[in-house]
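Next up is a structure, given as structure tokens.
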Amino acid sequence: MQIRRLAPPDRDHARALFEMMAKVFGEARRPLGDRYLDRLLRRSSFWALAALQGGEVVGGLTAHALPMTTSEVSELFVYDLAVREDHQRKGIGRQLLAALRTAAAEQGIRVLYVPVDDGDAHALAFYRAVGGEATPVTFFLFHQPGA
């Protein structure tokens, strides 16, 4: 298995990754256009790591680097991590997170965080098992009209 950060030439892998994530999470999604994908993958602050087996996407994650204002560093917000259902429980999620942590450290990013729904026992157990510390934070969502 290969894990790599996706870039504009990896548009097809990115599309497959995002489709797989939507399926794993049971979310409806609209296909993303080529221009949108290319712009997204060109952003240095956007991270999309794909786990590829035989050239096929079997897992991946997305994250966003956020510049801080207390010092000249960024922190990494892990937005999604998913593994295709037929490849779960094989260490792929753990490998993805380890690869992200290594790549982030190489860029001077020392803090990563990920929001997890309180009711998602599987995700809570996973992030604890890979060394994450739970912190008491509540996220508030604001939906804009028309969204």
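Values quoted throughout were computed directly from the atomic coordinates according to the rules given, and no laboratory measurement underlies them. Predicted model, so just to flag it, every value in this text is computed and none were measured. Reconstructed Cβ throughout: ideal geometry from the backbone, glycine too, with neighbour counts over all protein chains shown.
Between exposed trypsin sites (Lys or Arg not before Pro) in the chain, where DSSP calls loop and at most 12 other Cβ atoms lie within 10 Å, what's the longest gap?
Counting only loop sites that pass the neighbour cut-off, the longest clear stretch is 44-88.
Work out which chymotrypsin sites (Phe, Trp or Tyr not before Pro) in the chain are exposed loop sites (DSSP not H, G, I, E or B, at most 15 other Cβ within 10 Å) and give the longest gap free of them.
1-138
Where Lys and Arg each count +1 and Asp and Glu each count -1, what net charge lies around Ala103 among other residues with Cβ under 12 Å from its Cβ?
+2
Now a separate question. Within 10 Å, at most 15 other Cβ atoms, and a DSSP state outside H, G, I, E, B define an exposed site. Report the longest part of the chain free of exposed GluC sites (Glu not before Pro).
73-132
For the residue pair His122 and Glu85, what label-to-label distance in nm results when each label sits 7 Å from Cα along the Cα-to-beta-carbon direction?
0.9 nm
In 10 Å bins starting at 0, how do the alpha-carbon pair distances of the chain split up by percent?
Spelled out bin by bin, the chain gives 10, 38, 39, 13, 0 percent.
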